[in-house]
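The structure appears right after this line, and notes come after that.
Every read-out reported here was derived from the displayed coordinates using simple, explicitly stated rules and does not represent laboratory data. This structure is a prediction, so every number in the text was calculated from the model and none was measured. Glycine also receives a Cβ, built like all others from the backbone with ideal geometry; neighbour counts cover every protein chain displayed.
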Amino acid sequence: MNHRRLVGIDLGVATAHTVRVLDGEGNVVAKRKAWPTAESLTAVEAAALAGCPEGTRLEVVIEPTGPAWLPIAVFFSARGHRVFRVSSQKAADLRRFLSRHAKSNGIDADTLARLPLFDPGGLRPLVLPGADRAALDRRVRATDRLTRSRAPRSPTVCIDRPAPVLTKPSSCSRSE
């Protein structure tokens, strides 16, 4: 009996997430819908691990479309499971190969769950940053956002004139 568990989660933004659980041979073990709550994700974990020996780790594959992937990644990583983020292009390519003319949340979840079987070397485990790194990342993004919001209103130095002149951004012209 194969106790490897592959979990593909098609993330829903306004709807529930669609989940497919496969064994290591690609057979469907469970189909579920899940919300980004601890209770709902715990139920998915229990369904995926049903009949597996103690210590079995899930391999959770998600496509990072928007910020919905982060709570899922944090939940499963904190519980000792391996989480993989795959590029949208890689998931779309496999989906086209497996299912020519159809697209649905269930097909997407199934495709994501099958990625470790088709391209095991192409998946890289997700490593979530620690608290210090996350705080630094937030500060850098806030600084960048403030800089960009201020840039259109701040004076610009035009160097295409004989002497640099401090002007408003709209008065700079290129003479080529």
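Assorted remarks:
- Relative contact order (percent, whole number), the stretch 5-122, Cα cutoff 8 Å, 6+ residue spacing: 33 percent
- Other residues with beta-carbon under 9 Å from the beta-carbon of Val19 carry, at +1 per Lys or Arg and -1 per Asp or Glu, a net charge of +3.
- Net charge of neighbours whose Cβ lies under 11 Å from the Cβ of Phe76, counting Lys and Arg as +1 and Asp and Glu as -1: +1
- Ascending count of other beta-carbon atoms within 10 Å, so fewest first, for Glu39, Glu45: Glu39, Glu45
- Across the stretch 9-19, coupling constants 3J(HN,Hα) worked out from phi with the 6.51/-1.76/1.60 Karplus curve, θ = phi - 60°, read 10, 8, 6, x, 8, 9, 10, 5, 6, 9, 10 Hz, and Gly and Pro carry x.
- Footprinting exposure proxy ranking of Ile62, Ile9, fewest other C-beta atoms within 10 angstrom first, gives Ile62, Ile9.
- Local charge for Trp35 was computed over the other residues whose Cβ lies under 14 Å away, with Lys and Arg +1 and Asp and Glu -1, and equals -1.
- Packing rank of 113-120, 143-150, where each peptide gets the mean count of other beta carbons within 10 Å, highest leading: 113-120, 143-150
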